[in-house]
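The values are calculated or read from the model by the stated rules, or taken from the named source; none is laboratory data. All values derive from a computational prediction rather than experimental measurement. Virtual Cβ from ideal backbone geometry, glycine too; neighbours counted across all protein chains shown. Ligands, DNA and RNA are excluded from the accessible area calculation, which covers all protein heavy atoms including side chains. Shrake-Rupley method; radii C 1.70, N 1.55, O 1.52, S 1.80 Å.
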Amino acid sequence: MSAVRQPVLAAFAAVALAAGFGLVLAVGAGRVEGARMAAAEAEARMAAALWEEQEEDEGGGAQAVARLIGARVTIVGAGAGGTGAGAYAYEAGALDPAAWIAVAPRRAGGPWTAFPAIATAIALAGVALMAGWAAARRRGPTRSRYPAGVALLSVGCIALTAIAAERWADRELRSLSTATVAQGARAVELALATGADPARAARVAGLPWAEDRSLESANQQWTMPPAVAAAIAASPERGVAPPTAPAGTPYAVEAGGATYHAARVADIHLAFLGYERTAAAALPLAAAGGLAALLLALVLHLAQLAARPRALRRTLAAWGLLAPAAALILTFTLGPLLFSLWISLHEWRLIDPAPLFLGLDNYAALLPNRDWWSAIGNTALFTLHVPAAMAVALALALLTQGSRRGLRWARLALFLPGITSVAAIAVVWKWLLSDQYGLLNQVLVRTGLESVPWLTSPDTALISLMMIGIWMVVGYQMVVFQAGLAAIPRDWYDAARVDGAGPWQRFRHITLPGLRHTMFFVLVTSVIGSFQVFGLVYVMTEGGPLGATDVAVYHIYREAWEFLRFGNAAAMSWLLFAVVFAATWLHFRFLDTRRAHG
């Protein structure tokens, strides 16, 4: 039986590798094809605007559209169009479209130009390598070792294919960007030739624009970002175009860490953020390459088990049983995590269809961000309530041990805050701690003391939240400690009493060592929970006063949903994850050290 599975699985590894290469190439080609369609749609909008600008002239706008687009344009009736890359053209004053202008995407040649030659060659070489290994495995003796060498070579081929495809896609996207801004300049030039004023002619291109006299005046720029206008004003192409280059020749300017493609017609400057930034293929190719490598590793693992049919059957059965749960985790946990990582590498907005790829710029911008690090500091200070809560919870666990009715009711009362809605708790405590009508301050005043600004002073607001945090978690921690106390053998205490050990000695030498693992669990989970505090801050203080309670999660929330900077918020989330992971790792290392010296 294994003799049959051996060549089949080895051949399936070659098929899996070919599928992985196909995925990588398809992703790269898909990004470029998407940018080609977007460029064609931009050209169609230019053509439609030019049609509307010149439709009253002799010959209508069809001739101007043909001069702009060339043979790639098709003009049909409004009722016969509406699909593909194109735009509707309207006559002056009409509500219904007069024509549909379809534009074919730019292509350098036949359909095979959609694939990068070098990346395809590497992919074919990798498939040939895997096919040769499969053939040799079929003829050779059965082996149960994992083919690490073949796996590394295959993964290397996948990586090289992704890199080559990314370089090819970047060149194609830059070429499309240059062509788009050149078409915009050509459309403006044709509009100016018919006597249109500069503002109307510039709007034909549908690109950010500014006149020469307004480049250095931000209040006179309607569509061009000030940073781009300043970069164009400082570029040598702002003046007379180079003698060998005609008017409207594209050139590149750097602004805000991004490359803009610009062109000048008369005294009108156009700017276009290149597709190599808004449709960058680096991240999709990296994800496709990682998925291909994972698929190959799984198939090679099965090929390794082909010599052991029983182990192969068990593995396939286990994967089949785990598949539904794995699908749920991938869809609702790992998928959103990867999407947030993707967002953190972009300037991403809800209404922006083409997010700007920034790489690690969002993370670099957080390093000098004082407000963010102040929020991290406030979160760290809030976490200091964890040891106090643990001490109180352990004391309550010792005091409420037993099965008497009064103790059971006491445990229930202490546990209720742990299962009560955080919003409800925050509303009640906000009323209790109010400066004007708070019950606690009323009691202080009636006893002759001064009222305390619990939530309105930067000196007391965070401490107040820490006290409420202790009250909320102490019941849950008490129950966990009681479970740990129940696991300590009673014989140890009896033996200690016989030896004359007092209550403090029994607590120090029996209770604390017996609760070591329980205390570690409570400590780690409580620290992670304290770093995720949000509800109390959101309802009670909203980060105030003066940012004294602006904790990390609330800061991330405001960055995303108030300021709509989702890229920055996602980067903050991953930095917070790194901080929590480091704290948890240090806790584990500390426990291992205690075990080594125990």
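Matching residues to (1) at pLDDT below 90; (2) crowded, with 22+ Cβ neighbours inside 10 Å; (3) of a type outside the set (Asp, Glu):
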position	(1), (2), (3)
ALA117	yes, no, yes
ALA123	yes, yes, yes
GLY126	yes, yes, yes
ALA148	yes, no, yes
ALA182	no, no, yes
VAL188	no, yes, yes
GLU211	yes, no, no
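In this structure, LEU358 qualifies as under 13 Å from the mean Cα position of the chain (by Cα) and surrounded by 12 or more Cβ atoms within 10 Å (Cβ to Cβ). Within the stretch 322-363, restricting attention to residues that are among the aromatic types (Phe, Trp, Tyr) and modelled with pLDDT of 85 or more, the residue that is nearest to ALA38 (Cα to Cα) is TRP342. Evaluate the stretch 386-399: report whether one residue or more is closer than 30 Å to GLU559 by Cα and open to solvent by less than 50 Å² (accessible area, probe 1.4 Å). Yes, the stretch 386-399 contains a residue that is closer than 30 Å to GLU559 by Cα and open to solvent by less than 50 Å² (accessible area, probe 1.4 Å). Residues that are in a helix (DSSP H, G or I) and over 20 Å from THR180 (Cα atoms) were ranked within the stretch 64-81; the one that is least open to solvent (accessible area, probe 1.4 Å) is ALA78.
Of these, SER175, SER154, which one is open to solvent by less than 20 Å² (accessible area, probe 1.4 Å) and in a helix (DSSP H, G or I)?
SER154
Looking only at residues that are of a type in the set (Ser, Thr, Tyr) and in contact (Cβ under 8 Å) with a residue 12 or more places away in the chain in the stretch 153-209, which one is farthest from LEU291 (Cα to Cα)?
The first filter runs over the stretch 153-209 and keeps only residues of a type in the set (Ser, Thr, Tyr), leaving 154, 161, 175, 177-178, 180, 194.
Retained after the next criterion (residues that are in contact (Cβ under 8 Å) with a residue 12 or more places away in the chain): 154, 161, 177-178, 180, 194.
Working: SER154: 13, THR161: 14, SER177: 30, THR178: 33, THR180: 34, THR194: 55 Å.
This residue is THR194.
Quick check on my filter: what residues within the stretch 436-478 are outside any loop (DSSP other than H, G, I, E, B), of a type in the set (Phe, Trp, Tyr) and open to solvent by less than 80 Å² (accessible area, probe 1.4 Å)? The answer is none; no residue qualifies. The helices (runs of 4 or more DSSP H) located wholly in the stretch 503-598 that include 2 or more residues which are open to solvent by less than 20 Å² (accessible area, probe 1.4 Å) and at pLDDT 90 or above occupy 516-531, 552-561, 566-597. Restricting the first member to the stretch 535-548 and to residues that are farther than 10 Å from LEU455 by Cβ, and the second to residues that are among the hydroxyl-bearing types (Ser, Thr, Tyr) and in a helix (DSSP H, G or I), the beta-carbon pairs closer than 7 Å and six or more apart or on different chains are VAL537/TYR554; TYR538/TYR554; GLY543/TYR554; GLY547/SER374. Put simply, of LEU296, LEU283, LEU334, LEU300 the only residue that is within 18 Å of ALA570 (Cα to Cα), open to solvent by less than 50 Å² (accessible area, probe 1.4 Å) and not hydroxyl-bearing (Ser, Thr, Tyr) is LEU283.
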